[in-house]
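Read-outs: derived from the displayed coordinates by stated rules, not from any lab. Everything numeric here is computed off the predicted structure, so don't read it as measured data. Note that we place each Cβ from the backbone using ideal geometry, even for glycine, and neighbour counts take in every protein chain shown.
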Ligand SMILES: Nc1nc(=O)c(N)c(NC[C@H](O)[C@H](O)[C@H](O)COP(=O)(O)O)[nH]1
Ligand SMILES: [Zn+2]
């Protein structure tokens, strides 16, 4: 049965609950979906893969790994109408200096179809890097950004669970 946006965002939020709490990031969950066939291609959560990894990064890396490719070449194997559901908007800047997920999503257009749309549950709180400017970068690269409402309170509670109260 084709999932609706809420179904997929709920599944992304389930992923966020798997993330180990940490004071210096947010606990986020992401889903990679083929919109043509309503197939879930990959799931990911913050810190799932070794290193200081983000949910969207893990989602892409796992799908690439399943095709024996490094994450930076995932665009070569994405179906034509791939989308990402992420509980929090992709980062445009990271305090660690690691490559932001907006760049990882934009580069999926290299060598293939690339991610078409990003569905987000909440905007990034301004705690670490101030205002997140990633949305404009995605849109400037032809990637549609859509807010899926209804989960904000739970998304933020999960995202900040590792922060000092
Ligand atoms: N969309 C998103 N997915 C994630 O999985 C995650 N952890 C963040 N978090 C954004 C926040 O801005 C960064 O976590 C801090 O800027 C610290 O940067 P690092 O995570 O250490 O690279 N945002
Ligand atoms: Zn990120």
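Among the residues making up the stretch 84-107, a single one is in contact with a strand residue (DSSP E or B) (Cβ under 7 Å, 6 or more places away or on another chain) and more than 22 Å from residue 156 (Cα to Cα): 105.
Scanning the stretch 126-156 for residues that are surrounded by 13 or more Cβ atoms within 10 Å (Cβ to Cβ) and in a helix (DSSP H, G or I) yields a count of 8. Checking each residue in the stretch 116-125 for being more than 12 Å from ligand 1 (Cβ to nearest atom) and surrounded by fewer than 20 Cβ atoms within 10 Å (Cβ to Cβ) picks out 116, 117.
For (1) under 15 Å from the mean Cα position of the chain (by Cα); (2) farther than 22 Å from residue 40 by Cα, each residue gets a yes or a no:
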position: 92; (1), (2): yes, yes
position: 107; (1), (2): yes, no
position: 124; (1), (2): yes, yes
position: 128; (1), (2): no, yes
position: 134; (1), (2): yes, yes
position: 141; (1), (2): no, yes
position: 144; (1), (2): yes, no
position: 152; (1), (2): no, yes
position: 157; (1), (2): no, yes
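Among the residues of the stretch 108-122, those identified as assigned to a loop (DSSP other than H, G, I, E, B) and in contact with a strand residue (DSSP E or B) (Cβ under 8 Å, 6 or more places away or on another chain) are 113, 114.
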